[in-house]
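Chemist: Handing you this structure, nothing more for now.
The values are calculated or read from the model by the stated rules, or taken from the named source; none is laboratory data. All values derive from a computational prediction rather than experimental measurement. Note that each Cβ is placed from the backbone with ideal geometry, even for glycine, and that neighbours are counted across all protein chains shown. Just so you know, the surface numbers come from the protein's heavy atoms only, side chains and all, with ligands and any DNA or RNA stripped out. Shrake-Rupley method; radii C 1.70, N 1.55, O 1.52, S 1.80 Å.
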Amino acid sequence: MFQLTATPASALADEPVHIRVTGLPPLQLVTLTASLKDEKGNVFRSKAFYKTDEVGELDLMKAPAFGGDYVGVHPMGLFWSLKCQKAFRRLLKQDVMNSPFWVTLNLYDTVGLQDFSTEEPIASQVVQRWFSAPGVQRVQVREGRVRGALFLPPGEGPFPGVIDLFGGRGGLVEFRASLLAAHGFAVLALAYFAYEDLPKLLQEIDLEYFEEAANLLLAHPKVQTPGIGVISVSKGAEIGLAMACFLKQVVATICINGTTAICEFPLRYKDLVIAPIPMFMERMQFDISGAVRLLHYRGDPRDKVNQRSVLPVEKAQGSILFIVGENDECMKSREYAEQALHRLQNHGRNNGRMLVYPGAGHLIEPPYSPLCYASPNMKLSSPLLWGGEPTAHAAAQEHSWGEILKFFRQHLIQARSKL
């Protein structure tokens, strides 16, 4: 009797699944596939070719894939190698509270290039991938100017508070905040344009808006004081670093593939205005896929004429963790992080640290998320290139997530216990 098992069958999206096959002939070549449909109806699929052992069993914790969407021992390869049937689509969970992603795992007793989705599998299993844990609450935030969603862990608290910022796609992105709440953090997924009554387009960074959000989070009875963390990516990481520099409420900041200078739009904070670094449209390039590479698009923060645009990281009172993908095709994130660390060092500061991931692209997300190599952008007619090699990117996501949780626990929870 063929049997395909996947345990746990229902789990958080950042938890691994153990996939095993039993009851097959010894040394049988087989294909394992995974598929899911997102909330917009886009279908994502993956497949890998394996061989059973001498007793007709297969354990993805130990067995290597010989081909398909990845090669080698990758217990979660079927999940992180999922690819959309339509080009340039990013897998994003919209409703994080009420439904999981349903991933169908199928087993076939053959290997080939055919479309397995039209064939009958010899065994099948469905797993649920949740972005929220039982007891986590979602509270819509519309207070003052602040717009977003607050995720609270179960219990009385107080919990360490974190603001979650995404990049130039705008809107409200919640999947990372809800996952962090499942790990014990009170997280405000913060929108800052293209959402409800916020500006449709980003034209300036008003740091007082982000300060208002920080104060709102700290005032919540279930959020511990005196300081909060910020997790941020891309344009959000530029803002996150600015928050670390100028807002005393911020004591721990994670910047994932961001710049260290103000870009495209001015930053305003009280009487301070920081003009953006110049951009060079003529330096944009096109990848073979047709996506736009912005790697060389921004001016160099090291140039003397651009110094006024560079963020004064030496003013940051809290700890900063730079997470960098070396295959980032959108910005020179490693160079920027190194420049920030060098500036800190020159001012006698040691509150910055960098994690560098070879082969990882721009969009480093929670573990087992499929690589988004390129995706549409509201300002460009062509998709934007993010970069990344799937296997290396998956390894970066898995390792960095553990480091993110460790960093916040160290600098938010321990900081409170010292008080």
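Chemist: Can you tell me the orientation of helix 207-219 relative to the chain, as the angle in degrees between its alpha-carbon axis and the longest Cα principal axis, to the nearest 10?
Modeler: Taking the Cα atoms of the chain, the angle to 207-219 is about 70 degrees.
Chemist: Taking 0.36 nm per residue of separation and subtracting the Cα-Cα distance, what length does fully extending Gln28 through Val139 add?
Modeler: Gain on stretching Gln28 to Val139: 34.8 nm.
Chemist: Stokes-Einstein D for region 95-243 at 4 °C, 1.567 mPa s, Kirkwood Rh over Cα pairs, in µm²/s?
Modeler: The diffusion coefficient I find is 75 µm²/s.
Chemist: Setting aside same-chain residues fewer than 8 positions from Lys51, which aspartates and glutamates have a Cα under 12 Å from its Cα?
Modeler: Filter leaves Asp59, Asp109.
Chemist: Run the quick spin-label model on Glu120 and Glu54: label points 7 Å from Cα toward the beta carbon, then report their separation in nm to one decimal.
Modeler: 3.5 nm
Chemist: Grab every C-alpha pair in the chain, bin the distances at 10 angstrom width from 0 up to the longest one, and report whole percents.
Modeler: Spelled out bin by bin, the chain gives 5, 21, 30, 24, 13, 6, 1, 0 percent.
Chemist: At q = 0.18, 0.21, 0.24, 0.34 Å⁻¹, what log₁₀ I(q)/I(0) does a Debye calculation on the Cα points of region 342-383 give, no solvent, two decimals?
Modeler: Relative scattering, expressed as log10 I(q)/I(0), comes to -0.75, -0.81, -0.88, -1.18.
Chemist: Most mobile of Met61, Met331, Met243 per a Gaussian network model of the chain (Cα springs, under 10 Å)?
Modeler: Most flexible of the set in this elastic network: Met61.
Chemist: What area, in nm² and to one decimal, does the C-alpha convex hull of region 140-218 cast on average over all directions?
Modeler: Average projection, Cα convex hull of region 140-218: 5.0 nm².
Chemist: Run down the aspartates and glutamates and flag those whose C-alpha is under 13 Å from the C-alpha of Lys40, throwing out any fewer than 8 positions away in its chain.
Modeler: Cross-link targets: Asp95.
Chemist: What's the FRET efficiency of Glu403 with Glu335 using the Cβ-Cβ distance as r and R₀ = 30 Å, to the nearest 0.05?
Modeler: 0.90
Chemist: Counting only the heavy atoms of the protein chains, how much of Asp197 is accessible to a 1.4 Å probe, in Å² to the nearest 10?
Modeler: 110 Å²
Chemist: Another question about this same structure. Do any of Lys332/Lys379; Lys86/Lys406; Lys37/Lys379; Lys222/Lys406; Lys270/Lys304; Lys83/Lys332 go past 32 Å between their Cα atoms, and which?
Modeler: Lys86/Lys406
Chemist: Taking only Cα atoms and a 10 Å spring cutoff, compute GNM fluctuations for the chain and point out the largest among His74, His393, His342.
Modeler: Between His74, His393, His342, it is His342 that shows the largest mean-square fluctuation.
Chemist: Between Tyr195 and Ala9, what FRET efficiency comes out of the Förster formula 1/(1 + (r/R0)^6) with R0 = 35 Å and r the beta carbon distance, rounded to 0.05?
Modeler: Result of the calculation: an efficiency of 0.50.
Chemist: Would you mind getting me the FRET efficiency between Asp300 and Met1? Use the beta-carbon distance for r and R0 = 56 Å, nearest 0.05.
Modeler: Approximately 0.30, to the nearest 0.05.
Chemist: Here's another thing I want to ask about it. Using mean Cβ contacts within 10 Å as the protection proxy, how do 166-173, 281-288, 358-365, 21-28 order, highest first?
Modeler: 358-365, 166-173, 21-28, 281-288
Chemist: Region 15-75 to region 286-352: how many Å between their Cα centroids?
Modeler: Centre-to-centre (Cα) distance: 39 Å.
Chemist: Using only Cα atoms, find the angle between the long axis of helix 333-346 and the longest principal axis of the chain, and express it within 0 to 90 degrees, rounded to the nearest 10.
Modeler: 40 degrees
Chemist: Rounded to the nearest 500, what is the chain's calculated 222 nm mean residue ellipticity when only DSSP H runs of at least 4 contribute -39500 (n - 2.57) each, over all residues?
Modeler: -5500 deg cm²/dmol
Chemist: How large is ³J(HN,Hα), in whole Hz, for each residue of region 279-286 in order, when computed from phi with the Karplus curve 6.51 cos²θ - 1.76 cosθ + 1.60 and θ = phi - 60°, using x for Gly and Pro?
Modeler: Computed from phi, the couplings for region 279-286 are 10, 10, 4, 5, 8, 5, 10, 10 Hz.
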